[in-house]
1. Efficiency by 1/(1 + (r/R0)^6): what FRET value for GLU355 and ILE212, r their Cβ-Cβ distance, R0 = 35 Å, to the nearest 0.05?
2. Can you give the net charge of the other residues whose Cβ lies under 11 Å from the Cβ of PHE142, counting K and R as +1 and D and E as -1?
3. How much length is gained on full extension from ASP296 to VAL339, taking 0.36 nm per residue of separation minus their Cα-Cα distance?
4. Over all distinct alpha-carbon pairs, what is the Kirkwood Rh of region 187-305 in angstrom?
5. Around ALA243, with a cut-off of 9 angstrom between Cβ atoms, what is the net charge of the other residues, counting Lys and Arg +1 and Asp and Glu -1?
6. In what order do LYS288, LYS184, LYS206 fall by count of nearby beta-carbon atoms within 10 Å, going from fewest to most?
7. Assuming R0 = 25 Å, what is the FRET efficiency of ASP153 and GLN92, from their Cβ-Cβ distance, to the nearest 0.05?
8. Counting other C-beta atoms within 10 Å, which of MET297, MET79 has the fewest, and how do the rest follow?
Amino acid sequence: MAANDQPSEIGLIGLAVMGQNLALNIADHGFRISVYNRTTEKMETFVDNHPDTPGGLVGCATVEALVSSLKRPRKIIVMVKAGSGTDAVIEQLAPLLDEGDILIDGGNSKWTDTIAREQRLAERGLRFIGSGISGGEEGARFGPSLMPGGQEDAWKALEPVWTAIAAKVDPDTGKPLLGAKPGKPIEGGEPCTAYIGPDGAGHYVKMVHNGIEYGDMQMICEAYDLMQRLAGMRPAEIGETFARWNEGVLDSYLVEITADVLQQTDPVTGEPFVDVVLDAAGQKGTGKWTSINALDMGVPAPTFAASFAYYDSYRSARLPQNLLQAQRDYFGAHTYERVDQPRGRFFHIDWPDPERPQRES
Ligand code: NAP
């Protein structure tokens, strides 16, 4: 554990891509943050690689060390694999905490799980916030959209940190303020966070947000499919068209990254990158939950369930899910499989890196 003569403002458990970036964002805003990861080497490498953040990272080799390093009431962010990982961490932490301490689940948890966790923890006198976090690894690092739900007094305790690290928009134009760098976050602007409501409200909003996003991505993939199949356009040409569209009313992050992905060359073969990505797209549950919830509530939401693609799926050897998975690798480091490698081997491109090397994960 690093030298720790003063207590940390906040703690974070789970140092995969999201947890690392969120911790750096918090430290860039001057908050001292204690970090723990189940696999200790990841924590050690992370802390060693970032010795000079404005707030300071305090590496903790055990959950007990993390708990004892925090200001009271303690605030601990859980950024681990949603589901059983979240429950395992909560069960490990809860007996070590005192009444009034606050756990913040920043994972993509199902909102009904969040309600159940909040009730279980309230019986032990602990407070709980379920917060959606959007923006992928880049957002986590320089400004995510944050959707917190839970007890309002717990939100008040978390608000200074969440408001500081959230993405900022120009209040006059509504446009995002860009250009944050390591150690130099955006000053001013209106933060992209607000108290959503009690219980699982934050995770519910994040779920619907993901459902809309997946519907949008599916539409983009179908546009790409039509452009290549019917118009005979090559990926780079389609990418240039998306880049032009991004300068008009379609200006959006998803259209921007689609233009980038389509103009990317595969670092291994020199072929267009999307042509070597297997048409197998993953999802971690939120898109499916949105469709199920829409059916349960009698709300028509056919786009989430992926519109006319069912017809193509009967008659196509290859579907445009290659582009969708490439988008997921771009914004969330979700990895992709290749057409020229056996199934089960996963690769990732370091998208913000101009050289964009590929590595196996
Ligand atoms: P992830 O791949 O979902 O999870 C890996 C992390 O979980 C590692 O730190 C791992 O520890 C830890 N973990 C898994 N099971 C555990 C257990 N039983 N006990 C303790 N730790 C456990 O990581 P991620 O992509 O960074 O996402 C973190 C969370 O943020 C997830 O809930 C995800 O849904 C959510 N999220 C992700 C994105 C995105 O774009 N990627 C965006 C928003 C929200 P080890 O290192 O020891 O294996």
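1. The computed FRET efficiency comes out at 0.60.
2. +1
3. On the way: separation 43, 0.36 × 43 = 15.48 nm, distance 3.77 nm.
Full extension of this stretch gives 11.7 nm more.
4. Evaluated on region 187-305, it is 16.7 Å.
5. Local net charge: -3.
6. Numbers: LYS288 16, LYS184 11, LYS206 28.
Ranked by crowding around the Cβ, least crowded first: LYS184, LYS288, LYS206.
7. The value I calculate is 0.50.
8. Values: MET297 8, MET79 28.
Ranked by crowding around the Cβ, least crowded first: MET297, MET79.
Quick note: the coordinates plus some simple rules give every number you see, no bench work behind them. All values derive from a computational prediction rather than experimental measurement. Cβ: placed from backbone, ideal geometry, glycine included. Neighbour counts: every protein chain shown.
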